Amino acid sequence: MADPADVAIIGGGIVGLATAHAVLAARPQTRLLLLEKERGVAAHQTGHNSGVIHSGVYYRPGSLKARTCVRGRALLLDYVREQGIAHELCGKVIVANGAPERARLEELARRALANGVPGAKLLTGEELHAIEPAVRGEQALQVPGTGILDYREVARQLADDLVKAGAELRTETEVYGIRPGRDCLEIETSGDSLSTRFLVNAAGLQADRIARRAGLEPGVRILPFRGEYYFLRPERRGMFRGLVYPVPDPELPFLGVHFTLTIHGEIEAGPNAILAFAREGYRKTDVNLWDLAESVFYPGLLRMLNRFRGAALHETVRSLRKSVFLRDLQALVPSLVAEDISPGGSGVRAQAVYPDGRMADDFLLLNSPRALHVINTPSPAATSCLAIAEELLGRIPAPGAT
Ligand SMILES: Cc1cc2nc3c(=O)[nH]c(=O)nc-3n(C[C@H](O)[C@H](O)[C@H](O)COP(=O)(O)OP(=O)(O)OC[C@H]3O[C@@H](n4cnc5c(N)ncnc54)[C@H](O)[C@@H]3O)c2cc1C
């Protein structure tokens, strides 16, 4: 592209792809360029997640997460039905044991109602037992609209649609620098230098760095939290009808280790949430010195660890010891034994943390001149992607308007 693109999007994850899709659907004449540093789309968060279509139970009413999850789920279901992408609405239960968890479960039921989650219903222990006999719980919230799919398939379909609609998708093209040009932004990449009238930063785990390169201090740093899974052995696969979750700690943006059915017929247990030594580090031993130094010298890290001392210690021990992971799973499913679980895959969440140690609770959409940055995209951003794209579209100028 010799002339500037109208819109360049950094990131071939599901948020960047969905945004490109929304732009071209609304304004088919847009000259759109999507830049992805890996060989294919969905190489990071989008390709390493639990594959759950969330319903919108957990999120603070009125937040971007709550709004985009409920709307995004509906848009995603329309899209996957249209495209013939495999999915299943298997439903889930969130299970409480003990008075504090029951109180938090009731708060979740109120949130589900406030967020407009269809069909969410509190169950007694007996009602739970009738649905999920293997699960121990005094009370549960049943969420029938939760589903499963493989977000890699959604991403690949979105990418195919984009190319058919005339977008230019450049893989193996890493963005290194962004500078203001004349009526445009100049983008320095591992390939050619490019220019665009408007930039969307959907770089996931690298989004704060891209924002800084574009001249915006986002006020947060992305800290990578690896989520590790175990697989349940095939003989145990028939044990659940749907997904089974504990009541999460309301102070943390993670859902607690849970059981997920995958659209490929497996059962996964996890993910935990452990600080990673590399933003794209999928194994315990992966270390990227630059990423590590950026995390360690960030004042927000120490404050966060101080604030969540107990949880951080528990996560570390649980990551290192299968017996501790198993014990947490047995709190939900007492019949589980060590031979039932074997190590599975992992994913890394891009969690933005403020300098005072607070973890960003909501997606952050920030503007800089000629650019829009999506900074914090942990769960449920895959479910929400098409609704996040609608939000972004409203902030991206039409061709000719810049
Ligand atoms: C363990 C785990 C479980 C999860 N489970 C769920 C779930 O069940 N349901 C759900 O809705 N959500 C879930 N999520 C969250 C979901 O996966 C993410 O919210 C979503 O994938 C974010 O998509 P993204 O496009 O913002 O980021 P990504 O998928 O990470 O994409 C960003 C892309 O930008 C590219 N990039 C980065 N820097 C550059 C650069 N300089 N130049 C060019 N390209 C660049 C990267 O290579 C990457 O492909 C989970 C996440 C994790 C990690």
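Yes or no: region 226-234 includes at least one residue that is modelled with pLDDT under 95, outside any loop (DSSP other than H, G, I, E, B) and more than 10 Å from the ligand (Cβ to nearest atom). Yes - at least one qualifying residue is present in region 226-234. Note on region 1-107: enclosed strands (runs of 3 or more DSSP E) holding 2 or more residues that are away from the ligand (no atom under 15 Å from the Cβ) and surrounded by 24 or more Cβ atoms within 10 Å (Cβ to Cβ) are 92-96.
With respect to G215, determine if the residue is part of a loop (DSSP other than H, G, I, E, B), crowded, with 16+ Cβ neighbours inside 10 Å and at pLDDT below 95. Full working, then the answer.
On the way: part of a loop (DSSP other than H, G, I, E, B): yes; crowded, with 16+ Cβ neighbours inside 10 Å: no; at pLDDT below 95: yes.
No, not satisfied.
Restricting attention to region 48-105, the residues that are in contact with a strand residue (DSSP E or B) (Cβ under 7 Å, 6 or more places away or on another chain) and at positive phi total 2. When region 357-389 is filtered for residues that are over 20 Å from R279 (Cα atoms) and of a type in the set (V, I, T), the ones remaining, listed by number, are T383, I388. Any chance region 295-315 includes a residue that's of a type in the set (F, W, Y), buried (at least 17 other Cβ atoms within 10 Å of the Cβ) and assigned to a loop (DSSP other than H, G, I, E, B)? Taking every residue of region 295-315 in turn, at least one turns out to be of a type in the set (F, W, Y), buried (at least 17 other Cβ atoms within 10 Å of the Cβ) and assigned to a loop (DSSP other than H, G, I, E, B). If a residue has to be buried (at least 21 other Cβ atoms within 10 Å of the Cβ) and either near the ligand (Cβ under 10 Å from one of its atoms) or part of a strand (DSSP E or B) (or both) to count, how many in region 247-267 make the cut? The qualifying residues number 6. Among residues of region 219-231 that are more than 14 Å from H258 (Cβ to Cβ), those with a beta-carbon under 6 Å from a residue that is basic (K, R) at least six positions away or on a different chain give the pairs P224/R279; F225/R349. Within region 156-173, the set of residues being closer than 25 Å to E188 by Cα and surrounded by 15 or more Cβ atoms within 10 Å (Cβ to Cβ) comprises A159, L162, A167, E168, L169, R170, T171, T173.
The values are calculated or read from the model by the stated rules, or taken from the named source; none is laboratory data. From a predicted model like this one, the values you see are computed outputs, not experimental measurements. Don't worry about glycine lacking a Cβ; one is built from the backbone with ideal geometry, like all the others, and counts go over all protein chains shown.
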